[in-house]
Amino acid sequence: MLGEYRISGRRASDIAASVEHGVASGDLAPGHVLPPMRELAVLLGVNPNTVAAAYRTLRERGVIETAGRRGSRVRPRPASTARGSLRVEAPPGVRDLGDGNPDPALLPGLGEALAVAAEAYREAPHLYGDQAVVPRLAELARAGLDADGVPGGPLAVTSGSLDAIERVLTAHLKPGDAVAVEDPGWGAVLDLVPALGMRVVPVALDEEGPLPGEVERALRAGAGALVVTGRAQNPTGVTVGSRRAGELRAVLAEHPGVLLIEDDHGHAVVDLPVHPLAGVTEHWAFVRSVSKAYGPDLRLAVLTGDGLTVDRVMGRQQLGPGWVSGLLQWTVAHLWATGAVDTAEVARSYGERRDALVRALGERGITAHGRTGMNVWVPVSDETGAVARLLHSGWAVAPGARFRMTSPPGVRLTVSTLSAADIEPLADAVAEAAPAARPVSYG
């Protein structure tokens, strides 16, 4: 059961430390089953309650997980490198379609906005004790959220979507808890959840978003939170429509204690409306980032939610960075106020490239998905082979392993840098590299 490793200790803290040492050294690999509590108590000559306390500590720290009669086992640890590192470096002469970046030509210039922010700082510098959220940004953010039907709630500002998601999860959940996540889905979230000592529960998708039955299954299995991307889902381009949103709200209404997190990273690059699910559960958060429309270096996301959730997020933030730079907030406020991004034009530009590629692949018998956003997801039977053959043909794409748990293999192609002249040669290369691609469900 444990191989050569022997757990030691007389106190609960010592027993827990012994197990953690075995995990850290690699002697107790993920999946190794620990002895039943009474059996280990006999081996160590201690009270079973002492072992129970040690196992409880290990569960709380995310070291082990308990599955009823199947006992306690070492839980999967976060990878030593993030999924984002599972990328194919594009050598000279190879086009990189795997980075997921927006088209630089569609990003607004920042000169005027930065100058306005500098002037605002000169007149009233952001100092210790000031409000964490710049009032002008809060005003514009609230107006936009109201227009999209997001329920009213206090506002916080975080350093991007992932920062917001992490803060919301840790505000309510603890190590060992389960989080329902889209599969395939954003690789950063698939990394984040286990890094927090929590457990990922994959939820399958179709073109309309998470399948209601899959969400129901995950929540009935004990998931304490659900993370949903409303539009431009990464990597599939899925957008939740009004019908699916109603179905998901009905499922959530049966589980009011679940924490709901909605990621609206596609704001201002997608012209389809968002259909918020918020307001059904007691605790919820809606996150809107600016990275895709205004530039990844603008590390800012606006977060709203129920009062307790936002209060906990801001309270913990005060004990770390304190606040997101007021200069950054003023910059984004000016970009919003002046309409620096033409959403319809940006969505049209990405849509033309994305739709042309999906159409060209379909003409070659290759199924591809990409309803919104800047990515196209292509199911393949041999992911590694498809990536290697495309690289040989001059195209670097993102391996699907970066984005999936149990869903079938695939590759992600970012269309941001494609021109009309690129579509046919790329479609030919994909058809040659992945001849076995066929219609399959995401999950």
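The values are calculated or read from the model by the stated rules, or taken from the named source; none is laboratory data. No experiment lies behind these values; they were computed from the predicted model shown. When we count neighbours, we look across all protein chains shown, and the Cβ atoms used for this are built from the backbone with ideal geometry, even at glycine.
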Subject >> Meets criteria (touching a strand residue (DSSP E or B) at 6+ places or on another chain (Cβ under 8 Å), modelled with pLDDT under 95, surrounded by fewer than 24 Cβ atoms within 10 Å (Cβ to Cβ) and in the same structural domain as Pro273 (by TED's automatic domain parsing)) for Glu214 >> reply: no
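Table: residues versus (1) on the phi > 0 side of the Ramachandran plot; (2) under 20 Å from the mean Cα position of the chain (by Cα); (3) surrounded by fewer than 18 Cβ atoms within 10 Å (Cβ to Cβ); (4) modelled with pLDDT of 95 or more.
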residue: Ala82; (1), (2), (3), (4): no, yes, yes, no
residue: Glu89; (1), (2), (3), (4): no, no, yes, no
residue: Val94; (1), (2), (3), (4): no, no, yes, no
residue: Gly98; (1), (2), (3), (4): no, yes, no, no
residue: Gly111; (1), (2), (3), (4): no, no, yes, yes
residue: Ala138; (1), (2), (3), (4): no, no, no, yes
residue: Ala141; (1), (2), (3), (4): no, no, no, yes
residue: Gly160; (1), (2), (3), (4): yes, yes, no, yes
residue: Glu166; (1), (2), (3), (4): no, yes, no, yes
Original post:
Tell me, which residue of segment 50-80 that is buried (at least 18 other Cβ atoms within 10 Å of the Cβ), in a loop (DSSP other than H, G, I, E, B) and not β-branched (Val, Ile, Thr) is modelled with the lowest pLDDT?
Top reply: Gly62
**OP:** Name, by its number, the condition in (1) surrounded by 15 or more Cβ atoms within 10 Å (Cβ to Cβ); (2) out of contact with any Leu (no Cβ under 7 Å at 6 or more places or on another chain); (3) at pLDDT below 90 that does not hold for Met37.
**Re:** (3)
**OP:** Inspect segment 332-344 for any residue being over 24 Å from Val181 (Cα atoms), modelled with pLDDT of 95 or more and of a type in the set (D, E, K, R) and give the result as yes or no.
**Re:** yes
**OP:** Kindly provide the set of residues from segment 418-443 that are part of a loop (DSSP other than H, G, I, E, B) and at pLDDT 95 or above, ordered by number.
**Re:** Leu418, Ser419
**OP:** Looking only at segment 192-200, decide whether some residue is more than 13 Å from the chain's Cα centre (by Cα) and closer than 15 Å to Arg404 by Cα.
**Re:** yes
**OP:** Could you tell me which of the residues Gly213, Gly209 is more than 21 Å from Thr158 (Cβ to Cβ) and free of Cβ contacts under 8 Å to residues at least 12 places away in the same chain?
**Re:** Gly213
Original post:
Just wondering, is there one or more residues in segment 344-361 that are buried (at least 19 other Cβ atoms within 10 Å of the Cβ), farther than 30 Å from Pro379 by Cα and touching an Asp or Glu at 6+ places or on another chain (Cβ under 7 Å)?
Top reply: no
Original post:
When you go through (1) buried (at least 24 other Cβ atoms within 10 Å of the Cβ); (2) among the small types (Gly, Ala, Ser); (3) more than 27 Å from Pro202 (Cα to Cα) one by one for Ala337, which number turns out not to apply?
Top reply: (1)
Original post:
Which of the residues belonging to segment 353-393 are among the charged types (D, E, K, R) and touching a residue at least 40 places away in the same chain (Cβ under 8 Å)?
Top reply: Arg353, Arg354, Glu363, Arg364, Arg371, Asp382, Arg389
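Go through segment 277-302 residue by residue and tally those that are under 18 Å from Pro108 (Cβ atoms), polar (S, T, N, Q) and outside any helix (DSSP H, G or I). Let's see the steps before the verdict.
Kept after step one, since they are under 18 Å from Pro108 (Cβ atoms), are these residues of segment 277-302: 288-302.
Now narrow it down to the ones that are polar (S, T, N, Q): 289, 291.
If we keep only those that are outside any helix (DSSP H, G or I) as well, we get 289.
Adding up the residues that qualify gives 1.
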**OP:** Could you look through segment 219-260, keep only residues that are part of a strand (DSSP E or B) and out of contact with any Pro (no Cβ under 7 Å at 6 or more places or on another chain), and pick out the one that is nearest to Gly279 (Cα to Cα)?
**Re:** Leu260
Original post:
How many of the residues making up segment 375-408 are under 19 Å from Gly362 (Cβ atoms) and surrounded by fewer than 22 Cβ atoms within 10 Å (Cβ to Cβ)?
Top reply: 2
